[in-house]
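K.L.:
Got a structure for you, written out below as structure tokens; questions coming shortly.
Laboratory data are not the source of any read-out in this text; all were calculated from the coordinates shown. Everything numeric here is computed off the predicted structure, so don't read it as measured data. Cβ coordinates were reconstructed from backbone atoms using ideal geometry, including for glycine residues, and neighbour counts include every protein chain displayed.
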Amino acid sequence: MFHKGQNRIIDSYSAFFDNGHRQKTELDGWLRGQGIVELTVLGLATDYCVKFTVLDALALGYAVNVITDGCRGVNLQPQDSSQAFMEMAAAGATLYTLDDWRETQA
């Protein structure tokens, strides 16, 4: 298990870094140690933790799949999740529904 958000004065949406990219979690080192190069991400919240985790993973060189129907956003504005998905795709993530992703795993 890896912990994020250990500094009370800095938010940490990404599973890889705090929001200021000053501190890195142990996740990247562990994934690389396991030889993992492709990630599949889903969860809460689309427009915060999922988005920043995906963007950081892409910047670190991982191939990233996002299961869109496995995500839910905070959506302070109604379009926030849609915009987050567009940002992730524009950065290089591949977006799937769970059914479509399962077909790629067969």
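K.L.:
Of all DSSP beta bridges located in the chain, what percent are antiparallel, nearest 5?
P.N.:
10 percent
K.L.:
Counting other C-beta atoms within 10 Å, which of Met1, Met86 has the fewest, and how do the rest follow?
P.N.:
Ordered from fewest to most neighbouring Cβ atoms within 10 Å, Met1, Met86 come out as Met1, Met86.
K.L.:
While we're here: Using a Förster distance of 30 angstrom, determine the FRET efficiency expected from the C-beta separation of Glu26 and Ala63, and round it to 0.05.
P.N.:
Efficiency, rounded to the nearest 0.05: 0.90.
K.L.:
For the pair His3 and Asp99, what calculated FRET efficiency results from E = 1/(1 + (r/R0)^6), where r is the Cβ-Cβ distance and R0 = 35 Å, to the nearest 0.05?
P.N.:
The value I calculate is 0.60.
K.L.:
Can you give the extra length, in nm with one decimal, that the chain gains between Asn75 and Ile36 once fully stretched, where that is 0.36 nm per residue apart less the Cα-Cα distance?
P.N.:
So the chain would gain 10.9 nm between Asn75 and Ile36.
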